[in-house]
Protein chains: 2
Amino acid sequence: MALIVQKFGGTSVGTTERIQGVADKVKGFREQGHDVVVVVSAMSGETNRLVELARSMQSQPTPREMDVLLSTGEQVTIALLSMALNERGCPATSYTGGQVAIVTDSAHTKARIKRIDTERIVRDLALGRVVVVAGFQGRDEQDNITTLGRGGSDTTAVALAAALKADECQIYTDVDGVYTTDPRVVEGARRLDKITFEEMLEMASLGSRVLQIRAVEFAGKYNVNLRVLHTFQDGPGTLITLDEGIAMESPVVSGIAFNRDEAKLTIKGVPDIPGVASRILGPVSRANIEVDMIVQNTAADKTTDFTFTVHRNDYDRAKVVVEQIVAELEAREYHGDMKIAKVSIVGVGMRSHAGVATRMFEALAAEGINIQIISTSEIKVSVIIAEKYLELAVRALHSAFELDREPTEDNGV
Amino acid sequence: MALIVQKFGGTSVGTTERIQGVADKVKGFREQGHDVVVVVSAMSGETNRLVELARSMQSQPTPREMDVLLSTGEQVTIALLSMALNERGCPATSYTGGQVAIVTDSAHTKARIKRIDTERIVRDLALGRVVVVAGFQGRDEQDNITTLGRGGSDTTAVALAAALKADECQIYTDVDGVYTTDPRVVEGARRLDKITFEEMLEMASLGSRVLQIRAVEFAGKYNVNLRVLHTFQDGPGTLITLDEGIAMESPVVSGIAFNRDEAKLTIKGVPDIPGVASRILGPVSRANIEVDMIVQNTAADKTTDFTFTVHRNDYDRAKVVVEQIVAELEAREYHGDMKIAKVSIVGVGMRSHAGVATRMFEALAAEGINIQIISTSEIKVSVIIAEKYLELAVRALHSAFELDREPTEDNGV
């Protein structure tokens, strides 16, 4: 007997048959005696259809009206799922985000949740009803419809779980959990039973896109037990939870993340004087270019080298900005490279273990892979390498940290 | 400088191109200095699509969830039209029925409007904005989404016009006005410039379906000037308004209505005693069969004949009920006929003119058309004739009352 919030994304509710399947699944949980709140997205394809309609009306659709339009997608799904549940003798009531009410700020198309009134939901649950809530949407204080932007349905589910103090928030997807790394790259990649919020954040932002970062942050902040599961396959999935009790028995490194979306830019011979970093990054950020890694090494003489990475889509624009910076700072030159990849080892375990980075560098050296840039945080070490070595590096690290083995013992350094 | 409520139905907003066309039209009114509130339906086809989705989920879709589902149809249209208006530099804001708020009772799928809060609309109009409102929908006191049922968008428009004390409520359709009779039957059928609410009610309920009866009733009750116009053709349309100043100059008869949806049932030799009518119609109404005309003539001896008409779809069921009644009342026999048609002359003018019915009967007699049943009200005379004479009768009456001529003089009896 628990209170569970379940979230089904667009693919899970992509056809009427799939909605029926979700209804069967939800009914199963009810029959086990659990209270269930279901959060659903728009049927897959629907949001794109609506966006195209909008674009045919207005070159830059008014954000407020875009929210009125897009929010219909989830509204259709909540009604259909509630009908399917009622048909199964499983009483259900649907609510739009505004009806719940999920109250947000007024930043249309990317609103932030301010508070959630759970009164109606609590009352329905007490009556033995399943509550079906439209993900991705809310209303502002003036009763305008808002949407939460990308990954908003995950955020809705986690926020509801937090507000309802649910025992678990289950995110159903097309994967059966979070893996030590991408199974398409490493054959021995293994599903993790548990992972911490922080590890998940590093894994997600580094390319293992299972959950939206924002939802994980939210879950971490409010300590919501988050579980990633496969919609149409049974299995325990991966539980994303607090650090407690995991680090002790867990391996040093939980997973290997990577991406090849980035490009690097290095400015050489930058005067080693205070304020130089902001004089470089200021113009870049003013050009609306997001920067990921930033590395500056100790100056050897009176100049230093400054490197940062940007998304490959922004590479050409970034080069134009950098050319100007080089001239203004009277730096020596700059050098750019698109053919790079970032590989990271992630794990809360490494906090308390020395030598994790060393083992990483050794593993890469053993394969003859040159490391161009190194950057570290509390629970990860990232390196930039030539793109062509990416798969080789990921496999070497997966093996070096024994991630293909079940973590029955501490296999740290 | 007037306040106009304009309603565009599903066909008028059936494609993105048509929504653009409506936006152009609305912009034109704004540029003339009018304040405009636009009420729109779902894009044609959308409601049927949603109903099919619902039926694939639940054999008898839960009404509350049906409303959640169907209301998305208009919500899509209001967003798209607002975008199209904004694109044209004509600031617009959309509201769902619930947001306005149009507050209804809780009779899902056939809710009745209880009150309308016009505060947001008035404020937006004062700011020079066009207000786009979703037709057909509202919310109940508990903030559940409701829909108004068939023809609900017309009702929304009229109710808004009443609440806002608008100068005119314009209903855009695929006809350019209300005609003296069906132009497909009578070549000389003529568009009426004006017609009274009562006449329109009689015309509408008798088959000239241009406007939903409910909206006309509403308009009459709150004295809203209602105008029927063609969406994509310019023209004055037909103004539906109060009796005042019309009857004086108008012809006796405004139009000829007809339908062939009915069947008649006659019970012969019914004992002429008090309470017999209810003993006949009670069982019929308990069988959920709607009765239109009811005629009983003075008894010749101690028995009388009792005739009523029902919709043809209910004819077979009605016969079964009538058979029992005949047995119970020990009536002589019953006789039924599906091949009938009802033809009516409608006009407020006939109130003050004698001999209108006579002229009608003479015109029919001149064509050798036998009258089976006669029924009259304040502003109409209806006859039942054999179906095969329908077109002939309508043409004869149209001509007899000179409806093909412009009403420049009193062409009454």
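State whether one or more residues within the range B:116-133 are within 19 Å of residue B:222 (Cβ to Cβ) and under 25 Å from the mean Cα position of the chain (by Cα). So far as the range B:116-133 goes, yes, one or more of its residues are within 19 Å of residue B:222 (Cβ to Cβ) and under 25 Å from the mean Cα position of the chain (by Cα). Among the conditions (1) more than 7 Å from every other protein chain (Cβ to nearest Cβ); (2) crowded, with 24+ Cβ neighbours inside 10 Å, residue B:52 misses just one, which is (2). Among residues of the range A:171-184 that are within 13 Å of residue A:8 (Cα to Cα), those with a beta-carbon under 7 Å from a residue that is modelled with pLDDT under 90 and not aromatic (Phe, Trp, Tyr) at least six positions away or on a different chain give the pairs A:171/A:211; A:173/A:210; A:175/A:210.
On the basis of being among the hydroxyl-bearing types (Ser, Thr, Tyr), at pLDDT 95 or above and within 27 Å of residue A:146 (Cα to Cα), does residue A:72 make the cut?
Yes: the conditions hold for residue A:72.
Number of residues in the range B:352-402 that are in contact (Cβ under 8 Å) with a residue 60 or more places away in the chain and part of a strand (DSSP E or B): the value is 7.
For every residue, the table says whether it meets (1) in contact with a His (Cβ under 8 Å, 6 or more places away or on another chain); (2) at positive phi; (3) at pLDDT 90 or above.
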{"residue": "B:313", "(1), (2), (3)": "no, no, yes"}
{"residue": "B:319", "(1), (2), (3)": "no, no, yes"}
{"residue": "B:324", "(1), (2), (3)": "no, no, yes"}
{"residue": "B:339", "(1), (2), (3)": "no, no, yes"}
{"residue": "B:343", "(1), (2), (3)": "no, no, yes"}
{"residue": "B:358", "(1), (2), (3)": "no, no, no"}
{"residue": "B:392", "(1), (2), (3)": "no, no, yes"}
{"residue": "B:402", "(1), (2), (3)": "no, yes, yes"}
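The number of residues in the range A:104-132 being buried (at least 19 other Cβ atoms within 10 Å of the Cβ), in contact (Cβ under 8 Å) with a residue 40 or more places away in the chain and under 30 Å from residue A:31 (Cβ atoms) comes to 5.
If the Cβ limit is 7 Å and pairs must be 6+ apart or interchain, which residue in the range A:263-289 that is at positive phi pairs with which residue that is outside any strand (DSSP E or B) and surrounded by fewer than 17 Cβ atoms within 10 Å (Cβ to Cβ)? Listed pairs, sorted by first residue: A:269/A:332. Tell me, please, whether a residue that is among the hydroxyl-bearing types (Ser, Thr, Tyr), assigned to a helix (DSSP H, G or I) and at the interface with chain B (Cβ under 8 Å from one of its Cβ atoms) can be found in the range A:57-70. No, because not a single residue in the range A:57-70 is among the hydroxyl-bearing types (Ser, Thr, Tyr), assigned to a helix (DSSP H, G or I) and at the interface with chain B (Cβ under 8 Å from one of its Cβ atoms). Does the range A:100-132 hold any residues that are within 13 Å of chain B (Cβ to nearest Cβ) and out of contact with any strand residue (DSSP E or B) (no Cβ under 8 Å at 6 or more places or on another chain), and which are they? Listed by number, the residues that qualify are A:119, A:123. Residues that are free of Cβ contacts under 8 Å to residues at least 60 places away in the same chain, within 9 Å of chain A (Cβ to nearest Cβ), within 24 Å of residue B:45 (Cβ to Cβ) and part of a helix (DSSP H, G or I) within the range B:76-97 comprise B:76, B:78, B:79, B:82, B:83, listed in sequence order.
Yes or no: the range A:254-265 includes at least one residue that is at pLDDT below 90, surrounded by 12 or more Cβ atoms within 10 Å (Cβ to Cβ) and over 30 Å from residue A:7 (Cα atoms). Checked the range A:254-265: no residue is at pLDDT below 90, surrounded by 12 or more Cβ atoms within 10 Å (Cβ to Cβ) and over 30 Å from residue A:7 (Cα atoms). Here B:46, B:17 are screened, and the one residue that is of a type in the set (D, E, K, R) and in contact with a helix residue (DSSP H, G or I) (Cβ under 7 Å, 6 or more places away or on another chain) is B:46. Considering the range B:1-43, the residues that are away from chain A (no Cβ under 14 Å) and among the acidic types (Asp, Glu) include one that is farthest from the chain's Cα centre (by Cα), namely B:31.
Considering B:153, B:205, the condition of being at pLDDT 90 or above and of a type in the set (Ser, Thr, Tyr) is satisfied by B:153 alone. Hey, among the residues in the range A:133-146 that are in contact with a helix residue (DSSP H, G or I) (Cβ under 8 Å, 6 or more places away or on another chain) and surrounded by fewer than 24 Cβ atoms within 10 Å (Cβ to Cβ), which one's nearest to the other protein chains (Cβ to nearest Cβ)? Among residues in the range A:133-146 that are in contact with a helix residue (DSSP H, G or I) (Cβ under 8 Å, 6 or more places away or on another chain) and surrounded by fewer than 24 Cβ atoms within 10 Å (Cβ to Cβ), the one nearest to the other protein chains (Cβ to nearest Cβ) is A:143. Can we say residue B:47 is within 10 Å of chain A (Cβ to nearest Cβ) and over 17 Å from residue B:234 (Cβ atoms)? Considered against the rule, which asks whether it is within 10 Å of chain A (Cβ to nearest Cβ) and over 17 Å from residue B:234 (Cβ atoms), residue B:47 comes out as no.
If you go through the range B:296-335, how many residues are touching a residue at least 60 places away in the same chain (Cβ under 8 Å) and under 30 Å from the mean Cα position of the chain (by Cα)?
The qualifying residues number 2.
Condition check: without any contact (Cβ under 8 Å) to a residue 24 or more places away in the chain and of a type in the set (A, V, I, L, M). Does residue A:54 satisfy that? Against the criterion (without any contact (Cβ under 8 Å) to a residue 24 or more places away in the chain and of a type in the set (A, V, I, L, M)), residue A:54 qualifies. With respect to the conditions (1) at the interface with chain A (Cβ under 7 Å from one of its Cβ atoms); (2) part of a helix (DSSP H, G or I); (3) within 28 Å of the chain's Cα centre (by Cα); (4) not charged (D, E, K, R), residue B:73 lacks only one, and its number is (1). Every test in (1) touching a strand residue (DSSP E or B) at 6+ places or on another chain (Cβ under 8 Å); (2) among the β-branched types (Val, Ile, Thr); (3) exposed (fewer than 13 other Cβ atoms within 10 Å of the Cβ) is passed by residue B:273 save one, and that test is (1).
Are any of the residues in the range B:210-224 small (Gly, Ala, Ser), closer than 18 Å to residue B:382 by Cβ, out of contact with any Leu (no Cβ under 6 Å at 6 or more places or on another chain) and modelled with pLDDT under 90? Taking every residue of the range B:210-224 in turn, none turns out to be small (Gly, Ala, Ser), closer than 18 Å to residue B:382 by Cβ, out of contact with any Leu (no Cβ under 6 Å at 6 or more places or on another chain) and modelled with pLDDT under 90. Scanning the range B:313-347 for residues that are more than 30 Å from residue B:359 (Cβ to Cβ) and among the basic types (Lys, Arg) yields B:317, B:319, B:332.
The values are calculated or read from the model by the stated rules, or taken from the named source; none is laboratory data. Since the structure is predicted, the reported quantities are computational estimates derived from the model, not experimental observations. Cβ coordinates were reconstructed from backbone atoms using ideal geometry, including for glycine residues, and neighbour counts include every protein chain displayed.
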